[in-house]
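In what follows, a structure is listed as structure tokens, so that the remarks can point back to it.
The values are calculated or read from the model by the stated rules, or taken from the named source; none is laboratory data. Since the structure is predicted, the reported quantities are computational estimates derived from the model, not experimental observations. In this analysis, Cβ positions are derived from the backbone assuming ideal geometry, glycine residues included, and neighbour counts consider all displayed protein chains.
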Amino acid sequence: LVGQPLQLAGAQLDGQPLNWAAYRGKVVLVDFWATWCGPCLREMPHVREYYEKNKQRGFEVVGVSIDEDLDALATFLDKNKLPWSTMAGDGSKTAAQKYNVRAIPTMMAAMITTPPNVILRRRGSRGG
């Protein structure tokens, strides 16, 4: 997927659409994760730390939760106050399928420009 375009479309947990255009000109880490995923939860403090260090330089994170239990996700987000947007629901499932996410956590970094928003790096599962 490295070198391929990246485009996310879907809703956040509150039903508001993710505003992908708002990330134009930034490097975005797209983090596919779930509340029940131990490795995802262990990685999250590191993602938060990197985000806090680099957000003033145009770095952003978009979480893509593949949780089926949206109540559990809501409880997690309320408790943990993630400082970035998190997609949930059908759009998240569609994105995971589109980008061949087979296991989590899977992270992709992309520079968001006028198309094509190219995937710079991918870490995590490898689809076949």
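Results, tabulated for the structure shown:
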| read-out | value |
| --- | --- |
| Filter result (of a type in the set (Gly, Ala, Ser), over 14 Å from the mean Cα position of the chain (by Cα) and under 21 Å from residue 75 (Cβ atoms)) within the stretch 16-53 | 38 |
| The stretch 63-110, residues that are farther than 19 Å from residue 47 by Cα and among the β-branched types (Val, Ile, Thr) | 75, 94 |
| Filter result for residue 14 (of a type in the set (Asp, Glu) and at pLDDT 95 or above) | no |
| Failed criterion for residue 76 (all others in (1) touching a residue at least 60 places away in the same chain (Cβ under 8 Å); (2) part of a helix (DSSP H, G or I) hold) | (1) |
| Answer residue from the stretch 6-15, given it is more than 12 Å from residue 111 (Cα to Cα) and under 14 Å from the mean Cα position of the chain (by Cα) and is surrounded by the most Cβ atoms within 10 Å (Cβ to Cβ) among those | 8 |
| Any hit, the stretch 28-41, residues being surrounded by fewer than 17 Cβ atoms within 10 Å (Cβ to Cβ), touching an Asp or Glu at 6+ places or on another chain (Cβ under 9 Å) and modelled with pLDDT of 95 or more | yes |
| Candidate set: the stretch 50-67, residues that are assigned to a loop (DSSP other than H, G, I, E, B) and modelled with pLDDT of 95 or more; chosen: the one surrounded by the most Cβ atoms within 10 Å (Cβ to Cβ) | 66 |
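For (1) small (Gly, Ala, Ser); (2) in contact (Cβ under 8 Å) with a residue 24 or more places away in the chain; (3) in contact with a helix residue (DSSP H, G or I) (Cβ under 7 Å, 6 or more places away or on another chain), each residue gets a yes or a no:
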residue	(1), (2), (3)
20	no, yes, no
25	yes, yes, no
28	no, yes, no
51	no, yes, no
59	no, yes, yes
84	no, yes, yes
88	yes, yes, yes
